[in-house]
Amino acid sequence: MTFMPAPAPFPLARPRRLRQSAWIRDLVAENRLHVCDLIWPIFVHDRDVAREPVASLKGVDRLSVAESVKEAKEAQALGIKVLALFPHLDERLRTGDAKAALDPNGLIPTVCRAIKAEIPDIGLLVDVALDPYTDHGHDGLLVDGRIVNDATVAMLIEQTLIQVAAGADIVAPSDMMDGRIGAIRKALEAAGHHDTLIMSYAAKYASAFYGPYRDAIGVKALKGDKTTYQMDSANSDEALREVAIDISEGADMVMVKPGLPYLDIVQRVTETFKVPTFVYQVSGEYAMIKAAVDKGFMDHDRAVMETLLAFKRAGASGILTYFAKHVAQLLKA
């Protein structure tokens, strides 16, 4: 137990002394948000238009390959170190066997090569999962109404190796299949990719907050739900077991997803494991803030900064957020 001295009685102690002006509040702030804390998720598409608005995510566009390069340059100029790439494929490429995920000339490998050709020193994080490529919207292969674990993992290994060969720096398995971190790490080592980082979606919950994301990547109608592989929101000890397994299998970093509804999980993970722990402020969280601001219920920038500081206060090493570019501009101002 940490020793806490008894506080002096009033008026010897006046806590408001430390709040009386901006300079003293800044001086004694316990947590700070820096642009280096931000990872910017962007959506890329294979259509012949530069930008296409995502209806459910005000201010977020799907980008062409060329436009994603432009945004990557701007992100780097703002101090953002890492982009997270998510694909929106032509519906005709979505199949039950997710074969488009294994195309070396597919959308994500193409974007990786294009960005790295122009900005070689920006970090690229790629999603490892099958949901953008399936016609049923699941993260794994669906056989007779069940998500099959081991066959999915075999495909995830191939997907990973293709994306790393195209220039990805961080692979982020978001599928929640059992054993996938160890299998991917062994495959990376065998292929000579000794320095490739794995950020595991270790504690990813089956959440209502993912709806706008599915719109963004073009999942028309999810068949069933994801409760047999994503975590139950009632559980927190289970999250620690999942994180422990992924670290033991070779994950360099772990993630908790969603963000605000799971701050307790972020805190437990960071305090228990002392490893780099990231949090994803997901699409539903973003959309709620935007909707409340549109109604005049809250101030946009104050709400955004308050939520991001909450993640830092809980112990997060960094944050994936669709607000990243805007926040980087605020921090630079």
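All of the numbers you see were taken from the coordinates with simple rules; none came from a lab. None of the values given here were measured: they were computed from a predicted structure. Glycine also receives a Cβ, built like all others from the backbone with ideal geometry; neighbour counts cover every protein chain displayed.
Couplings for the range 74-90, taken from phi via the Karplus curve 6.51 cos²θ - 1.76 cosθ + 1.60 with θ = phi - 60°, read 5, 4, 4, 4, 7, x, 6, 8, 9, 10, 9, 9, 9, x, 10, 8, 3 Hz in order; Gly and Pro are left as x. The base-10 log of I(q)/I(0) for the range 68-181, evaluated at q = 0.13, 0.18, 0.20, 0.24 Å⁻¹, reads -0.49, -0.86, -1.01, -1.30 [Debye formula, identical scatterers on Cα atoms, solvent excluded]. Here the chain is treated with +1 on each Lys and Arg Cβ and -1 on each Asp and Glu Cβ, and its dipole about the Cα centre works out to around 1360 debye. For the chain, the equivalent ellipsoid built from the Cα gyration tensor has semi-axes of 35, 24, 20 Å, listed from largest to smallest. With everything on Cα atoms, drop me the angle between helix 237-248 and the longest principal axis of the chain, reported from 0 to 90° to the nearest 10. The angle comes out at about 60 degrees. How far is helix 107-118 tilted, in degrees, relative to the longest principal axis of the Cα atoms in the chain, given as a value from 0 to 90 rounded to the nearest 10? Relative to the chain, helix 107-118 is tipped by roughly 60 degrees.
Within the same chain, lysines fewer than 8 places from Lys295 are excluded, and of the rest, those with a Cα less than 16 Å from its Cα are Lys58.
Taking the number of Cβ atoms within 10 Å of each Cβ as an exposure proxy, the fewest-first ranking of Trp23, Trp40 is Trp23, Trp40.
Which pairs, out of Lys257/Lys290; Lys204/Lys290; Lys223/Lys257; Lys204/Lys332; Lys257/Lys312, put more than 25 Å between their alpha-carbon atoms?
Lys204/Lys332
Each DSSP beta bridge with both residues in the chain is either parallel or antiparallel, and the antiparallel ones are about 15%. In this structure the amide hydrogen of Leu320, modeled in the peptide plane, comes within under 5 Å of the amide hydrogens of Ile39, Val279, Tyr280, Gln281, none closer than 5 places in sequence on its chain. In this structure the amide hydrogen of Ser200, modeled in the peptide plane, comes within under 5 Å of the amide hydrogens of Asp252, Met253, Val254, Met255, none closer than 5 places in sequence on its chain.
Would you mind ranking Met305, Met298, Met231 so that the residue whose beta carbon has the fewest other beta carbons within 10 Å leads the list?
Ascending Cβ contact count within 10 Å gives the list Met298, Met305, Met231.
Ordered by the count of other Cβ atoms within 10 Å of each Cβ, fewest first, Asp175, Asp121 give Asp121, Asp175. When the charge dipole of the range 34-332 is built from unit charges on Cβ atoms (+1 for Lys and Arg, -1 for Asp and Glu) and taken about the Cα centre, the candidate among Pro41, Leu93, Ala328 whose Cα reaches farthest toward its positive end is Ala328. Kirkwood radius for the range 124-246, taken over all pairs of different Cα atoms as the inverse mean of 1/r, rounds to 15.0 Å.
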